[in-house]
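The values are calculated or read from the model by the stated rules, or taken from the named source; none is laboratory data. Quick caveat, the model's predicted, so the values are computed rather than measured. Note: ideal-geometry Cβ built from the backbone for every residue, glycine included; neighbour counts use all protein chains shown.
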């Protein structure tokens, strides 16, 4: 079991640039979550999907953020345009099935984003 | 959603049991208690969860009081690798919110030799 895979592990970009973070959930998991962690705000849920459908995106900070899940094995989180305050560690997590009451989430290693 | 209160930090000697308290006095009858931990620079890791009864797995034990207003996570024989931030989370009961785990500040546990 490879676990949740995220890429890139580190990203440094300039303000105004587009940033795309990628996630491959654990095979067979049908729920996927995107989190952001900063020292100031801790670990925050941005959005989560169930069966590739966004269920709750109330944590997405603003229109500059968008997330997609085109199929069961891939998701992206895009920031356009990026700003210095977006600097954080972004985690992706997957779960076997929120609709089956299974909410043990398995986290990836995270992507450390730095916007200068 | 029920909120949780945890001590900000605690130390534990290697080989001893670590008892991590959590207060969730506003928990409702169908809300679960979940515990996760986050080792430095890694993603959070699921530990255990429970509703009413005490639970045990290969990592830890979870003791929930009869009134469900508090719980204790027990690491039976702490090792240096258990040094981490431990999060106690109450999982929302509604179907639409099942996926929303709200992580608080947690308890920073330091296991010392």
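This table checks each residue for (1) more than 12 Å from the chain's Cα centre (by Cα); (2) over 26 Å from residue B:105 (Cα atoms).
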site	(1), (2)
A:58	yes, no
A:72	yes, yes
A:77	no, no
A:91	no, no
A:95	yes, no
A:116	yes, yes
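Name every residue in region A:60-95 that is surrounded by fewer than 18 Cβ atoms within 10 Å (Cβ to Cβ) and in contact (Cβ under 8 Å) with a residue 60 or more places away in the chain, in order of residue number. Within region A:60-95, A:78, A:80, A:81, A:83, A:84 meet the criteria.
Per this entry, residue A:24 is not counted among residues that are surrounded by fewer than 17 Cβ atoms within 10 Å (Cβ to Cβ) and modelled with pLDDT of 90 or more.
Condition check ((1) in contact with a helix residue (DSSP H, G or I) (Cβ under 7 Å, 6 or more places away or on another chain); (2) within 28 Å of residue A:97 (Cβ to Cβ); (3) surrounded by 13 or more Cβ atoms within 10 Å (Cβ to Cβ)) across all residues:
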| position | (1), (2), (3) |
| --- | --- |
| A:6 | no, yes, yes |
| A:10 | no, no, no |
| A:13 | no, no, yes |
| A:37 | no, yes, yes |
| A:53 | no, yes, no |
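Given the conditions (1) exposed (fewer than 15 other Cβ atoms within 10 Å of the Cβ); (2) in a loop (DSSP other than H, G, I, E, B), which single one is not true for residue B:59? With (1) exposed (fewer than 15 other Cβ atoms within 10 Å of the Cβ); (2) in a loop (DSSP other than H, G, I, E, B) applied to residue B:59, the lone miss is (1).
Name the residue that is farthest from residue A:46 (Cα to Cα), counting only residues in region A:60-115 that are in contact with a strand residue (DSSP E or B) (Cβ under 7 Å, 6 or more places away or on another chain), away from every other protein chain (no Cβ under 14 Å) and in a loop (DSSP other than H, G, I, E, B). The residue in question is A:73. Could you check, for region B:70-87, whether at least one of its residues is within 13 Å of chain A (Cβ to nearest Cβ), under 22 Å from residue B:28 (Cα atoms), touching a helix residue (DSSP H, G or I) at 6+ places or on another chain (Cβ under 9 Å) and not in a loop (DSSP other than H, G, I, E, B)? No, region B:70-87 contains no residue that is within 13 Å of chain A (Cβ to nearest Cβ), under 22 Å from residue B:28 (Cα atoms), touching a helix residue (DSSP H, G or I) at 6+ places or on another chain (Cβ under 9 Å) and not in a loop (DSSP other than H, G, I, E, B).
Annotation note: of A:44, A:18, the sole residue that is facing chain B (nearest Cβ under 9 Å) and either free of Cβ contacts under 8 Å to residues at least 60 places away in the same chain or loosely packed, with under 13 Cβ neighbours inside 10 Å (or both) is A:44.
If we scan region B:81-95, do we find a residue that is within 30 Å of residue A:54 (Cα to Cα) and surrounded by fewer than 15 Cβ atoms within 10 Å (Cβ to Cβ)? Yes, the conditions are met somewhere in region B:81-95.
So which of B:21, B:7 is surrounded by fewer than 17 Cβ atoms within 10 Å (Cβ to Cβ) and in a loop (DSSP other than H, G, I, E, B)?
Answer to the check: B:7.
Of everything in region B:29-50 that is in contact with a strand residue (DSSP E or B) (Cβ under 6 Å, 6 or more places away or on another chain), farther than 14 Å from residue B:107 by Cβ and within 11 Å of chain A (Cβ to nearest Cβ), the residue that is surrounded by the most Cβ atoms within 10 Å (Cβ to Cβ) is B:43.
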